[in-house]
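The values are calculated or read from the model by the stated rules, or taken from the named source; none is laboratory data. What you see is a predicted model; the values in this text were computed from it and never measured. Because the Cβ atoms are built from the backbone with ideal geometry, glycine has one as well, and the counts that use them run over all protein chains shown. What goes into the accessible areas is simple: the full protein's heavy atoms, side chains included, and nothing from ligands, DNA or RNA. Shrake-Rupley method; radii C 1.70, N 1.55, O 1.52, S 1.80 Å.
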Amino acid sequence: MTRKFFGTDGVRGTANIYPMTADMALRIGAAAGRYFRNDGSNGHRVVIGKDTRLSGYMFENALTAGLTSTGMNVLLLGPVPTPAVGLLTTSMRADVGIMISASHNPHHDNGIKFFGPDGFKLSDAAEEQIEALIASDVEPAKAANIGRAKRIDDGRFRYAERLKATFPAGMRLDGLKVVVDCANGAAYKVAPEVLWELGATVIKVGVDPDGFNINDGCGSTHPERAAQVIRDTGADVGICLDGDADRVMILDETGAVADGDQIMALMAARWAAVGRLQGDTLVATVMSNLGLERFLGAKGLHLKRTAVGDRYVVEAMRAGGFNLGGEQSGHIVMTDYATTGDGLLAGLQFLAAMIDTGHKASVLARNFDTVPQMLKNVRFTAGTDPLATKRVAASIADAEIKLNGKGRLLIRKSGTEPLIRVMAECEDDTLLAQVVDQIIAEVAAAS
C-alpha cells in the first residue's frame, strides 16, 4: 500500500492547506485514537507536544478533539522538543505520543509525528493502518466514554532531568562559554536551562519565538548568526538546534560548522575505544559522506547505510542491536539514552568530550576529510514525476557512467517537500559539478 498522507517523518505540509488543515487533523486524531484504543477499554492516554509555530494551537486543539472523541485521554505538554515526546510517552505510560512540528521547515509549514508506546516512531505498516482509518468513518466513543484533556506543566523539566542524567557523573561545564541557538523553536527554554545548570556560561540565540520566526535565519539550517556571536564573544563552542530540537550542528571556536557526519565520527571512535559501540557499527543514511565511511574503516569499524530519515536509521539500529546512528543533517540517535534524534543530547556529549580530553572544539569537530559532495534541490509540480521521464532517466544513467569508480550518485524525492534532491560525491570537482548540474537541468525541464 502506498501511503497518501505520511512521508518520511509523519504528515507534513503548509498550514491550512490540505492535508494540513484543522479538519484533517481532527480526522487524523480520531484515526489514531481508534488505532491505539482498539480494545475498547477506558484509560488510554496520548501525550501531545508542539513547537512554537502559530498553527500549533490549531492543530493541538483539532487533534485533541479527534482523540477525545474516540475515548483517548490527552495530556498536553505544550512547547517541548521532539525527543521529549518520545521520552514522556513511555515514562507516562501513554499508548501514543504526538509531536506537532515541521522540524527545520519555515513557520508556515507544520506536521504531525507519531510515537508508539515504546517511544519509537511508528512503522510504515502502522502508518498505513492509520491512513486506512482516516479514509473510513471512525466510530466515536459513547457519550459516557469521551476522553479528557489535561495540561502537563512540568514536561520540559522531566526532560531536562533526563538529559542531565546522561552527562558524566560529577562532570561540570564550569569555565566553558557556550553559544546555544534554539532556532526560536521548541528548545528555547530547556536548552539554555540545562547548559546553565551544568555550569556553562550560556549565550542565548534564537530564544524569542513569536509564532513566525522559527528557523528564520537561525538554528541548525542557518548557523551563520550563531557563528558570528561566537566570534564576537570569544565563545568556546556553539550548539545550533532546529525548530523541534532533534537536529544539531556543532560550531567550533572559530565559528566553523561540524555536521552530523563529523559528530558521529567523533562519538563512534570514542565509544569504540572503550568497547561501548555495539557491533562496532555506526548506522547512517545514504547521504552520509564517503569520508565518514573511510574514517570508520580505517579504525576497523563498520558503516551501515539506510534510506533517508531518522526513523529508518532507528529501525536498522533496533534490528541489528546497534546503539549509535544518525544523519548528516544532524539527527544523532543514541538508543542507550533516547528513542529518536536529540540535538541537545548530542551537544552535551560533544561538550563532555571537550571536558574529558581538554581539546578545543576545532580539534574534536574535524575527524576526517570529506570527499567533495554537492547537493542541489529542484522543485517540481505536485502530481508530476520528472524522474519517470526518458530524458531525466538518460541523464542519470550518463552521470552514473561518468562517476563509475570515481564517486557515487544519489537521486531521491524529498519526503517532506515537492523537491527532487540530487547528490553526488567525487574527488574531481569539475566532474562533480557537471553531473549534478546536468541532472538538475533535465529535472527542471521536466517539472
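Answer rounded, prolate or oblate for the range 195-252, using the Cα gyration tensor with square roots of eigenvalues a ≥ b ≥ c: rounded when a/c is under 1.5, else prolate when a/b is larger than b/c, else oblate.
prolate
With a Förster radius of 51 Å applied to the C-beta separation of residue 136 and residue 441, the computed FRET efficiency comes to 0.70.
Taking only the Cα atoms of the chain, the ratio Rg/Rh comes out at 0.97, with Rh defined as the Kirkwood radius.
Tell me the carbon and sulfur percent of the accessible area for the chain, rounded to whole percent, probe radius 1.4 Å.
Working: 8970 of 17630 Å².
Of all accessible area on the chain, carbon and sulfur atoms account for 51 percent.
Over the chain, accessible surface divided per residue gives 39 Å², non-protein components excluded, 1.4 Å probe. Of the complete DSSP H runs in the chain, those spanning 24 angstrom or more by Cα along the long axis with a mean Kyte-Doolittle score not below 0.0 are 429-446. In a fully extended conformation the segment linking residue 280 and residue 406 would gain 42.6 nm over its present Cα-Cα distance, using 0.36 nm per residue. Think of each Lys and Arg Cβ as +1 and each Asp and Glu Cβ as -1; about the Cα centre, that makes the dipole of the range 97-232 roughly 600 debye.
Taking label points 7 Å from Cα along the Cα-to-Cβ direction, residue 150 and residue 356 give a separation of 4.0 nm. Taking a ≥ b ≥ c as the square roots of the eigenvalues of the Cα gyration tensor of the range 48-192, is the shape rounded (a/c under 1.5), prolate (a/b larger than b/c) or oblate? Prolate shape, in that a/c is at least 1.5 and a/b is the bigger ratio. The residue list 47, 411, 140 was ranked by how far each Cα lies along the charge dipole of the chain toward its positive end, using unit charges on Cβ atoms, and 140 comes out on top. Sorting the segments 297-304, 430-437 by their mean number of nearby beta carbons within 10 angstrom, highest to lowest, gives 430-437, 297-304.
With the charge dipole of the chain set up from +1 on Lys and Arg Cβ and -1 on Asp and Glu Cβ about the Cα centre, the Cα lying farthest toward the positive end among the listed residues 372, 185, 219 is that of 185. For the chain, a simple Cβ point-charge model (Lys and Arg +1, Asp and Glu -1, everything else neutral) yields a dipole of about 740 debye relative to the Cα centre.
About the Cα centre of the range 173-263, what is the dipole size in debye to 20, counting +1 per Lys and Arg Cβ and -1 per Asp and Glu Cβ, all else neutral?
Values: 6 positive and 17 negative charges, 34 e Å.
With only Lys, Arg, Asp and Glu charged at Cβ, the dipole is about 160 debye.
Can you classify the range 147-291 as rounded, prolate or oblate using the Cα gyration tensor, where a ≥ b ≥ c are the square roots of its eigenvalues, rounded means a/c under 1.5, and otherwise it's prolate if a/b beats b/c and oblate if not? Cα axes put the range 147-291 in the rounded bin. The label point for residue 391 and the one for residue 273, both projected 7 Å from the Cα toward the Cβ, are 5.4 nm apart. Calculated from the alpha-carbon coordinates, the range 2-112 shows an Rg and a Dmax of 13.0, 40 Å respectively. A simple spin-label model places pseudo-atoms 7 Å from Cα toward Cβ; at residue 123 and residue 233 they are separated by 4.6 nm.
Given a cut-off of 30 Å, name the pairs among 113/360; 204/304; 204/360; 121/164; 189/360; 121/189 whose C-alpha atoms lie farther apart than that in the structure shown.
Those over the limit are 113/360; 204/304.
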